[in-house]
Structure formats: C-alpha cells, structure tokens
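Note sheet for the following structure.
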Amino acid sequence: MTIDLPADPTLDEIRAGLIPHVVANAAFDGWNAAAVDAAARAQGVDPDLARLAFPGGAAGMIDSWFAHVDEEMTRRLPAEALAAMKIRERITALVETRLSILTPDREALRRALAVLAMPQNLPLGARLGWRAADAMWRLAGDTATDFNHYTKRMTLSAVYASTMAVFMDDASDDLAETRAFLARRIDNVMRFEKAKAGLKERAARRPSLSRFVGRLRYPAV
C-alpha cells in the first residue's frame, strides 16, 4: 500500500508522507540518499522528487523525523487528554508516549543519535532536544513566559536525554527499566521544584533591607 498524496504534492507533503518509510529504511541503509530512494520506490514516489524533499542530508532527515514524532505525540496524547492529570503525570505520559512512538525504530534512532553526536551536528541535537521539551511542556499546559519557561525546558531536555540513554539498551518487558528510571528522574525534579518554591516563598516573606532603608530616608507622611 502506497502513501496517499495529492495529485500534485508539494515537497512538504512528500516529506511528511515519506518520513516514516525513510526511517524504516534508515535502520538498514543508514541516514542517506539510499534510504530516501528505497522509501520513494516502495511508495510510488519519484526518487528525484523525494531527494528534493530531503535537501539537508542525514541531519535534515533526522530533523524531519523528530518533527514527525512531535506531531504523532500530539495526535496520540492531545492537551484535552492531559487536562485531568497532575503535572507530574502529564510529563510522564508525554515522555512515555514519545518512547512508544520510537520503540519500533530503535535501530534507526541509534544511527540518528550517532549522527547527532558528530561535532558539526551538536547544535542541531541540542535544538531538537529543546524542541521536544518545548512541545511536551506546551501540551502539558505550561504558559510561563519568564525565566521558568527556560529552566523547565532545560530540565526536561536533560531528563529526556538521560532517559533516552537507558531506553536505547532496555530489553526489559514493556520498557520497565526505562519507566522506572524516568519515574525516579521526575521525582528528583519535582522535589527540586518544591524546594525551590519553598525558598522563593521564604525569600518573599523575609524583611527587605532596601525597603527598610527607603523608609528611613523617605518616611511616610
């Protein structure tokens, strides 16, 4: 069965339709033109058009795949499905959903991570990690625009990356080892956030020296 494309598809439509099939071939052929050609032929797409749809080489293909994972995560676990959950449950569910999407393509993922570990691709790897964390926080309902917006995404990026390292070699039933590791990491993060909130609350109640000095200089009349 070939993918369903419009009669005159755009390159974006070709890329979106082909990327799951490119991923399947990348597990064997690597992230290269051969994977694109094989996917195109199998899906009845002109290989020349398919190559035009993936102009960024291996890095561009991986970028497209991770964007597809973001979209599939949103489809499987939309914001309304998360609304009744506590924030910890939302983040856990989102990370686990991403891992379930990636599970059938772990060998392609292993090759993708090797590509992203190359020095020239390290900035892209960081950007893709940030994008994944941002997508998860937005689905979880985060609307912060202050410094917390950045710290939350940095923290979740680190949690996701370390969980991914465990996931890659997890041979346990239903990814039990990965799920347990993720639960521990999120528990550590929640404890840290609770402690941080307590420090901020105590700081807010602490007498302000600057306000005290101000009152001495400019007493109320």
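Values in this text are rule-based calculations from the coordinates and carry no lab data. Everything numeric in this text was worked out from a predicted model, so none of it was measured. When we count neighbours, we look across all protein chains shown, and the Cβ atoms used for this are built from the backbone with ideal geometry, even at glycine.
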> Taking the Cβ-Cβ separation of Asp46 and Ala126 as r and a Förster radius of 25 Å, what is the calculated FRET efficiency to the nearest 0.05?
Replying inline: 0.10
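When the chain is fully extended, how far beyond the present Cα-Cα distance does Arg184 get from Arg75, taking 0.36 nm per residue of separation? Mind dumping the intermediate values first?
Working: separation 109, 0.36 × 109 = 39.24 nm, distance 2.68 nm.
Full-extension gain reported as 36.6 nm.
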> In whole Å and largest first, what semi-axes does the C-alpha gyration tensor of the range 53-139 yield when each eigenvalue is scaled by 5 and square-rooted?
Replying inline: 26, 13, 12
> From the backbone phi of the range 25-38, what are the Karplus-calculated ³J(HN,Hα) couplings (6.51 cos²θ - 1.76 cosθ + 1.60, θ = phi - 60°) in whole Hz, Gly and Pro given as x?
Replying inline: 7, 4, 4, 10, 8, x, 7, 8, 5, 4, 5, 5, 4, 5
> Of Ala33, Ala83, Ala158, which is the most mobile in a GNM of the chain whose springs link Cα atoms less than 10 angstrom apart?
Replying inline: Ala83
> Exposure proxy check: Met85, Met73 ranked by fewest other beta carbons within 10 Å?
Replying inline: Met85, Met73
> What are the chymotrypsin sites (Phe, Trp or Tyr not before Pro) within the range 28-81 that DSSP puts in a loop, where the Cβ has at most 15 other Cβ atoms within 10 Å?
Replying inline: none
> For labels at Ser162 and Asp8 in the simple 7 Å Cα→Cβ model, what's the distance in nm?
Replying inline: 5.3 nm
> Which whole-number percent is the relative contact order of the chain (Cα, under 8 Å, 6+ apart)?
Replying inline: 17 percent
>> So if I place +1 on the C-beta of Lys and Arg and -1 on the C-beta of Asp and Glu, and nothing else carries charge, what would the dipole magnitude of the range 46-98 be about its Cα centre? I want it in debye, nearest 20.
In response: 340 debye
> By how many nm would the segment from Ala83 to Thr103 lengthen if fully extended, with 0.36 nm per residue of separation less the alpha-carbon distance?
Replying inline: 4.6 nm
>> Output wanted: per-residue J couplings in Hz (rounded whole) for the range 168-185, from phi through Karplus 6.51 cos²θ - 1.76 cosθ + 1.60, θ = phi - 60°, x for Gly and Pro.
In response: 4, 10, 7, 10, 6, 5, 6, 6, 4, 5, 5, 5, 5, 4, 4, 4, 5, 5
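Calculate for the chain the 222 nm mean residue ellipticity that helices alone would give, adding -39,500 (n - 2.57) per DSSP H run of length 4 or more and normalising by residue count, nearest 500 deg cm²/dmol.
Details: 11 runs with 166 residues, N = 221.
After summing the helix terms and dividing by the residues of the chain, the value is -24500 deg cm²/dmol.
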> When the dipole is taken about the Cα centre of the chain, and only Lys, Arg (+1) and Asp, Glu (-1) are charged at their Cβ, what size is it in debye, to the nearest 20?
Replying inline: 2200 debye
> Under 16 Å from the 7 Å Cα→Cβ point of Leu113, by amide nitrogen: which residues of the range 146-174?
Replying inline: 157-172
> How big is the Rg/Rh ratio for the range 51-204, C-alpha atoms only, Rh by Kirkwood, two decimals?
Replying inline: 0.99
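Which value, in Å to one decimal place, does the Kirkwood hydrodynamic radius take for the range 91-156 when every pair of different Cα atoms is included?
On the way: mean 1/r = 0.0762 Å⁻¹.
In the range 91-156 this quantity evaluates to 13.1 Å.
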> So what is the orientation-averaged projected area of the range 1-128, using the convex hull of its C-alpha atoms, in nm²?
Replying inline: 8.8 nm²
